[in-house]
Every structure is written in C-alpha cells, then in structure tokens.
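Peer 1: Here it is, the structure, as structure tokens.
The values are calculated or read from the model by the stated rules, or taken from the named source; none is laboratory data. Remember, it's a predicted structure, so these values are computed and weren't measured experimentally. Here Cβ is always computed from backbone atoms with ideal geometry, including for glycine, and neighbour counts include all displayed protein chains.
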Amino acid sequence: MFKVVERDLSDARLEALSADRRFATAYNAALQLATVVLRAEGYRTHGMAHHHTTIEALPLILGERAVRTADYLDACRSRRNTVDYDGIGVATKADVAELISETEALQVSVREWLETAHPELA
C-alpha cells in the first residue's frame, strides 16, 4: 500500500494535471495511509461511508495526536467528493500543496507508528 501512496503523491505533483485531479489523487494517498493503520490493527471497512469510517478511526488507533489530521482529511473527503462527482475548479494549487504536505506528514507518522505498534509490518 505504501507503493500506492508513493505513486499517488508523485502523480499529485504533476503540474500538467488539473488542480482538481491532483487534489483527488493526493486525497487517495492519504486515504491509503489511513487504510494501512486500520488493516494493521486487523480492521477493514466497506460499503457506504467507508472513507469517512477509515478517517474517523485514525485518532481511535493513533491517539489524540491524529485528531487534527482526521478532521482535516474529513474536510478533504467532502471536497474530493465534489471534485469527483459534482464540480470543476473546486481545488486550487494551494489546496493541493497543503494536502500533499499533510499526507507526507501522515506518512511519516504512520511509518513511525508501524515500527512501534507492528514492527513485523514495518
């Protein structure tokens, strides 16, 4: 799953793509990281609202330090829904840069957490 994160972060940096597509791709990278956390703990989500459930679980597993990140990603989830299903020109380059930065920070946190909580997976 970390290879998917790397691919999506790389694609999200492609200036030739629209800011909307870059935002949705960066969001997917963050979602994959949240999924890593859930799967490492033995959980899976499916069905309606699985993105929301995955993000909502971050602070439950990672602790209070992940509350701000989960809130931010949930706001991004709503925006990504608009980008993918309802609108054009929803995300800006600044939005993309911020989401990439937040995703990179989450990636570091998830790797550190894995090394401590599940060294066999790190």
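Residue-wise test of (1) surrounded by 15 or more Cβ atoms within 10 Å (Cβ to Cβ); (2) modelled with pLDDT under 95; (3) closer than 23 Å to Arg7 by Cα.
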| site | (1), (2), (3) |
| --- | --- |
| Ala57 | yes, no, no |
| Glu64 | no, no, no |
| Ala70 | yes, no, yes |
| Leu73 | yes, no, yes |
| Ser101 | no, no, yes |
| Val110 | yes, no, yes |
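Peer 1: Which pairs have Cβ atoms under 6 Å, sit 6 or more apart or on different chains, and link a residue in segment 1-29 that is within 20 Å of Ile55 (Cβ to Cβ) and surrounded by fewer than 16 Cβ atoms within 10 Å (Cβ to Cβ) to one that is of a type outside the set (Val, Ile, Thr) and modelled with pLDDT of 95 or more?
Peer 2: Within 6 Å, the pairs are Met1/Gln32; Val4/Gln32.
Peer 1: I'd like the residue in segment 103-122 that is part of a helix (DSSP H, G or I) and of a type in the set (D, E, K, R) and, out of all such residues, is nearest to the chain's Cα centre (by Cα). So that I can check it myself, show each step before the final result.
Peer 2: So in segment 103-122, the residues part of a helix (DSSP H, G or I) come out as 103-117.
If we keep only those that are of a type in the set (D, E, K, R) too, we end up with 104, 111-112, 115.
Numbers: Glu104: 9, Arg111: 14, Glu112: 16, Glu115: 19 Å.
Restricting to residues being part of a helix (DSSP H, G or I) and of a type in the set (D, E, K, R), the top hit is Glu104.
Peer 1: Pairs please, first residue from segment 84-106 and within 20 Å of Ser10 (Cβ to Cβ), second anywhere and part of a loop (DSSP other than H, G, I, E, B) and modelled with pLDDT of 95 or more, Cβ atoms under 7 Å, 6+ apart in sequence or on different chains.
Peer 2: Correct list of pairs: Ile100/Arg13.
Peer 1: Quick one: Thr54 ticks every box in (1) among the β-branched types (Val, Ile, Thr); (2) in a helix (DSSP H, G or I); (3) over 15 Å from the mean Cα position of the chain (by Cα) bar one, so which box is it?
Peer 2: (3)
Peer 1: Go over the candidates Arg79, Arg68 one by one and state the one that is without any contact (Cβ under 8 Å) to a residue 12 or more places away in the chain and either assigned to a helix (DSSP H, G or I) or not charged (D, E, K, R) (or both). Before you say what the answer is, go through the steps one by one.
Peer 2: Working: Arg79 fails: without any contact (Cβ under 8 Å) to a residue 12 or more places away in the chain.
Exactly one of Arg79, Arg68 is without any contact (Cβ under 8 Å) to a residue 12 or more places away in the chain and either assigned to a helix (DSSP H, G or I) or not charged (D, E, K, R) (or both), namely Arg68.
Peer 1: Out of Ala34, Ala16, Ala29, Ala24, report the one residue that is farther than 14 Å from Cys76 by Cα and either modelled with pLDDT of 95 or more or not polar (S, T, N, Q) (or both).
Peer 2: Values: Ala34 fails: farther than 14 Å from Cys76 by Cα; Ala29 fails: farther than 14 Å from Cys76 by Cα; Ala24 fails: farther than 14 Å from Cys76 by Cα.
That would be Ala16, the only listed residue that is farther than 14 Å from Cys76 by Cα and either modelled with pLDDT of 95 or more or not polar (S, T, N, Q) (or both).
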